[in-house]
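Note sheet for the following structure.
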Amino acid sequence: SGFSAGPGKLFGPTGGYLIGFIFLAIISGLFIEKFSDKIYMYILGMVLGTIVLYGFGTAWLAYQAHLSYGAALAAGVIPFIIGDVAKIVVVTVLGPILRKQLLKAGLL
């Protein structure tokens, strides 16, 4: 966003995604805390959180840009699915390793 911020970003076309990230973090975090050492549940939490993120973002983008829901999906979700899946894979692999190191260091 060009290092800009403020209400214009929150109420602009990407605002739904910004709000959705809050829910993504909450849902993912709950699954990771509740189901420790169950990798498949980590993945499920991140996938569900991402779906919620996409829902908020797509609905708001459709409203703001006067697009159909399908057109908003095509513009705001489809191009990002592969990258989001890759991030889920990377976090699933590295997250437990980093968590173990942070616990060992007394930082968690």
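Residues of the range 11-24 include at least one that is more than 17 Å from the chain's Cα centre (by Cα) and at pLDDT below 95. Being open to solvent by less than 60 Å² (accessible area, probe 1.4 Å) and hydrophobic (A, V, I, L, M, F, W, C) holds for only one residue in 44, 48, 53, 67, and it is 53.
Within the range 18-40, is there a residue that is touching a residue at least 60 places away in the same chain (Cβ under 8 Å), in contact with a Lys or Arg (Cβ under 9 Å, 6 or more places away or on another chain) and among the hydrophobic types (A, V, I, L, M, F, W, C)? Yes, some residue in the range 18-40 is touching a residue at least 60 places away in the same chain (Cβ under 8 Å), in contact with a Lys or Arg (Cβ under 9 Å, 6 or more places away or on another chain) and among the hydrophobic types (A, V, I, L, M, F, W, C). Residue 31: aromatic (Phe, Trp, Tyr), in a helix (DSSP H, G or I) and open to solvent by 60 Å² or more (accessible area, probe 1.4 Å), yes or no? So residue 31 fails the test. Of all residues in the range 91-108, exactly one satisfies the criterion of being farther than 15 Å from residue 32 by Cβ, open to solvent by 80 Å² or more (accessible area, probe 1.4 Å) and outside any helix (DSSP H, G or I), namely 107.
If the condition is being part of a helix (DSSP H, G or I) and either in contact with a helix residue (DSSP H, G or I) (Cβ under 7 Å, 6 or more places away or on another chain) or touching a residue at least 60 places away in the same chain (Cβ under 8 Å) (or both), then the range 76-90 contributes 76, 84, 88.
The values are calculated or read from the model by the stated rules, or taken from the named source; none is laboratory data. Just so you know, these numbers come straight off a predicted model, no measurement behind them. Using ideal geometry, Cβ is built from the backbone for each residue, glycine included, and neighbour counts are taken over all protein chains shown. The accessibility values were calculated without ligands, DNA or RNA, using every heavy atom of the protein model including side chains. Shrake-Rupley method; radii C 1.70, N 1.55, O 1.52, S 1.80 Å.
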